[in-house]
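Structure record follows, encoded as structure tokens.
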């Protein structure tokens, strides 16, 4: 089953001057649904972790694309846990939105649930934070409009994204330092 995108609000073509006007988080919210088929599973008939990771990346890219109105590439994935399996015939539901923008990059939060096709029972199976970078057709980084958190939960995610960015930067510096010593 292919991704289904739920439109949050009506979109139109933007003038270049409008591209960097701040936009609310709500404009980036995307939802995607996948049906777990036999080809998506391991010998235990559980969804392959790699397939879930791929779907998470697609769901995150949808939100980044909706916010940036242009091409995006995946730059990094933060911590990812697999909390409970999804089985053949289950629906996997993804909800994503931009948490924060940092000039050319965006942190996107993705939450994933599995829903039983037969009972309608829904369980949280994974959450992830991915960073996407906006690029032009030649692959050069380009600026992204700021995101405006409005609801209390959006404000919390916005602030948490700043803390996660500092952690990622510190880790990057630590790795560079280790590489220089070798």
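Regarding residue 52, is this residue in a loop (DSSP other than H, G, I, E, B) and either out of contact with any strand residue (DSSP E or B) (no Cβ under 8 Å at 6 or more places or on another chain) or surrounded by 15 or more Cβ atoms within 10 Å (Cβ to Cβ) (or both)? Outline the logic, then answer.
Details: in a loop (DSSP other than H, G, I, E, B): no; either out of contact with any strand residue (DSSP E or B) (no Cβ under 8 Å at 6 or more places or on another chain) or surrounded by 15 or more Cβ atoms within 10 Å (Cβ to Cβ) (or both): yes.
Here the answer is no, as residue 52 does not meet what is asked.
Right, residue 67: farther than 15 Å from residue 32 by Cβ, part of a loop (DSSP other than H, G, I, E, B) and under 13 Å from the mean Cα position of the chain (by Cα) or not? Before the answer, list the steps.
On the way: farther than 15 Å from residue 32 by Cβ: yes; part of a loop (DSSP other than H, G, I, E, B): no; under 13 Å from the mean Cα position of the chain (by Cα): yes.
Spelling it out, it is not the case that residue 67 is farther than 15 Å from residue 32 by Cβ, part of a loop (DSSP other than H, G, I, E, B) and under 13 Å from the mean Cα position of the chain (by Cα).
Look through 134, 145, 161 and report the one residue that is buried (at least 16 other Cβ atoms within 10 Å of the Cβ), assigned to a strand (DSSP E or B) and either within 16 Å of the chain's Cα centre (by Cα) or at pLDDT 95 or above (or both). Even if it seems obvious, please write down each step before you answer.
Values: 145 fails: assigned to a strand (DSSP E or B); 161 fails: assigned to a strand (DSSP E or B).
After ruling out the rest, the residue left standing is 134.
Regarding residue 98, is this residue modelled with pLDDT of 95 or more and not in a strand (DSSP E or B)?
On the way: modelled with pLDDT of 95 or more: yes; not in a strand (DSSP E or B): no.
When the stated conditions are applied, residue 98 does not pass them.
Tell me which residues, restricted to segment 79-92, are assigned to a strand (DSSP E or B) and surrounded by fewer than 18 Cβ atoms within 10 Å (Cβ to Cβ). Outline the logic, then answer.
Within segment 79-92, the first condition is being assigned to a strand (DSSP E or B), and the residues that meet it are 87, 91-92.
Correct list: 87, 91.
Return the residue satisfying two criteria in turn: it lies in segment 102-129 and is closer than 30 Å to residue 144 by Cα and out of contact with any helix residue (DSSP H, G or I) (no Cβ under 7 Å at 6 or more places or on another chain), and of such residues it is surrounded by the fewest Cβ atoms within 10 Å (Cβ to Cβ). So that I can check it myself, show each step before the final result.
If we filter segment 102-129 for residues that are closer than 30 Å to residue 144 by Cα, which is where we start, we get 102-113, 126-129.
Filter once more, so that each one left must be out of contact with any helix residue (DSSP H, G or I) (no Cβ under 7 Å at 6 or more places or on another chain): 103-105, 111, 113, 127.
On the way: 103: 12, 104: 17, 105: 20, 111: 16, 113: 18, 127: 16.
Only one residue tops the list, namely 103.
How about segment 16-49: which of its residues are part of a helix (DSSP H, G or I), touching a strand residue (DSSP E or B) at 6+ places or on another chain (Cβ under 7 Å) and closer than 11 Å to residue 88 by Cβ? Show your work before the answer.
As a first pass, look at segment 16-49 and keep what is part of a helix (DSSP H, G or I): 16-18, 25-28, 38-40, 49.
Subsequent filtering for residues that are touching a strand residue (DSSP E or B) at 6+ places or on another chain (Cβ under 7 Å) retains 25, 28, 40.
Residue satisfying the conditions is 40 alone.
Of the conditions (1) outside any loop (DSSP other than H, G, I, E, B); (2) in contact (Cβ under 8 Å) with a residue 40 or more places away in the chain; (3) out of contact with any helix residue (DSSP H, G or I) (no Cβ under 9 Å at 6 or more places or on another chain), residue 139 satisfies every one except a single condition; which number is it?
All conditions are met except number (1).
Are any residues in segment 106-136 closer than 22 Å to residue 26 by Cβ and free of Cβ contacts under 8 Å to residues at least 40 places away in the same chain, and if so, which ones?
111, 113
Got a sec? Which of 22, 16 is modelled with pLDDT under 95 and surrounded by fewer than 13 Cβ atoms within 10 Å (Cβ to Cβ)?
Details: 22 fails: modelled with pLDDT under 95.
The unique qualifying residue is 16.
The values are calculated or read from the model by the stated rules, or taken from the named source; none is laboratory data. All figures in this text were calculated on a predicted structure; none of them were measured in a lab. Every residue, glycine among them, receives a Cβ derived from its backbone with ideal geometry; neighbour counts consider all protein chains shown.
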